[in-house]
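Notes follow the structure.
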Amino acid sequence: GKVAQLSSQAAHTDAMTNYNSWDKKAEELSKQADEEDKEEKKAADEALGLQDGPEGPPVAKAKQMREEMGEHSDGRKKFIAKQEEREKVITHTEPSEEVIVLSGEDETNIGKALRLRGSRGVTYHLKSDLDLLKLFVEDCRDVKVRISCRVTTSFMEVVRCSDVEIRCESNMQMTQCDECNKGPVVVIFSEPETIGDFFHQNCLSLEVCVPGRAAQKFGSDRAAQMCSKHMSSGEYVTEAVVRGEKEFPLQLGAAQNRGGNEPENRDANEPEAERPPCEETKWAEAEAKREEGNNAFRSSDFLQAAVFYTEAIRLNEDLHLAWANRAQCFLRTGDPERAMKDATRCTELAPDYAKGWFRKGMAYHSMERFAMAIPALLKAEELDPKNPQVKDAIKMAQLMARNKGPGEME
């Protein structure tokens, strides 16, 4: 009963905490189970008149597992502390007509990744003296953002937003926009030279504007990830990033053609032309980007690592390792839904790659969809039977499914 109460309390934490506190919950559940075992043994000893006898030590394997969980938990705490140093999260839930100004006068704003998360009915101005690493706009409604500052990586991400307007007065080479399918999400660039490329998925409400030109609406409600390239003519050419998605026309060669002589868009019902094999140079470039991502990941810069893995996928969408690596980045930064999608793509490309199934299982586990997590973890165990981490994850998923229920099914 006490274990079930503890599990119920853990359900109120947010998405990132659910993932980051996995080890803490495991440690607490193990300790609680150990205490209950001791109480049951004490009652049994008293019934048999053995209350004065020696108590046996815990099973060696269980003890070792608890020690490993404790060590892992300490590592997670250090990681969280380091991430907090690299990021700043700002939330305003009370609507206000007053502009919220973020400037370099506050030193805690400088050189960090800024997350505007869960805000409602406010306007932000990121002043020119501010120097950001990256910018994220997440789960915002009726929000305006004016970007006058430099963003070092020229990277912006917009996720699950509606009725949001973002004005870019500085260069933004890459914008990723996901799950924005309700109210309009409008990105306005002050000059054509500041416009970059867009990666987007399920973003029917996405609009891109430049003063003096008609708004570009290239978003769709399709599940496939798309890449829209800005051409010198002012138009965007969109192609699928994920190979095998047949529902959206693929514009071959658009990424290389910046001279304004883009191929005309095919009708959406026209069969897609067969994709030519990836050139050796692209394979090499993709692998080089993936290695850059690995280096960033080893340095615990998971945001930058995800950018490198995204570039690797752009160069070679069949590189299953890049999908698996980016899924791990999303897990580390508390975005299990995107981790699950990337891990699923990895398993489609490489069904015999155990880590793809493991990441898929851990993503479902983080979303508390334990009945979906267990089969994926079992598949990982089948492919890598000697991996103790997989075995521990299966036990934990089974325990949580018993205590909290199976979770949402497909």
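The values are calculated or read from the model by the stated rules, or taken from the named source; none is laboratory data. These numbers were taken from a predicted model, which means no experiment stands behind them. So basically every Cβ, Gly included, is an ideal-geometry build from the backbone, and we count neighbours across all protein chains shown. Heavy atoms of the whole protein, side chains included, go into the accessibility calculation; ligands, DNA and RNA do not. Shrake-Rupley method; radii C 1.70, N 1.55, O 1.52, S 1.80 Å.
So how exposed is PHE297, as accessible area in Å² (1.4 Å probe, rounded to 10)?
Here the accessible area works out near 50 Å².
Pop out the ³J(HN,Hα) list for region 170-180 in order, Karplus 6.51 cos²θ - 1.76 cosθ + 1.60 with θ = phi - 60°, rounded to Hz; leave Gly and Pro as x.
Whole-Hz 3J(HN,Hα) from phi for region 170-180: 10, 5, 9, 6, 9, 10, 10, 10, 10, 6, 10.
Counting alpha carbon pairs within less than 8 Å and at least 6 residues apart, what relative contact order, in whole percent, applies to region 144-218?
Normalised by residue count, the contact order of region 144-218 is 27 percent.
From largest accessible area down, sort LYS395, LYS386; use a 1.4 Å probe on the protein chains.
Putting LYS395, LYS386 in descending order of accessible area: LYS386, LYS395.
On a 22 Å Cα-Cα criterion, which of the cross-link pairs LYS112/LYS229; LYS134/LYS217; LYS360/LYS391; LYS144/LYS182; LYS341/LYS386; LYS127/LYS289 come out too long?
LYS112/LYS229; LYS134/LYS217; LYS341/LYS386; LYS127/LYS289
Quick check: with the 1.4 Å probe, what order do TRP283, TRP323 take by accessible area, largest first?
Reading off the accessible areas and sorting them downward yields TRP283, TRP323.
In what order, largest first, do SER190, SER228 sit by accessible area if the probe radius is 1.4 Å?
Putting SER190, SER228 in descending order of accessible area: SER190, SER228.
Determine the gain in length on full extension of the stretch LYS38-ASP221; use 0.36 nm per residue of separation and subtract their C-alpha separation, reporting nm with one decimal.
60.4 nm
If ligands, DNA and RNA are left out, what is the accessible area of PHE330 with a 1.4 Å probe, given in Å² to the nearest 10?
Surface accessible to solvent at PHE330 totals approximately 20 Å².
First compute the accessible area of region 317-382 with a 1.4 Å probe, then give the percent of it belonging to carbon and sulfur atoms.
Roughly 51 percent of what the probe reaches on region 317-382 is carbon or sulfur.
Provide the FRET efficiency to the nearest 0.05 for the ASP131-ASN387 pair, computing r from the beta carbons and using R0 = 51 Å.
0.75
Can you tell me the order of 167-180, 332-345 when each peptide is scored by its average per-residue count of other Cβ atoms within 10 angstrom, highest first?
Averaged packing, sorted descending, gives the order 332-345, 167-180.
What order, most packed first, do the peptides 85-92, 372-379 have when packing is the mean number of other Cβ atoms within 10 Å of each residue?
372-379, 85-92
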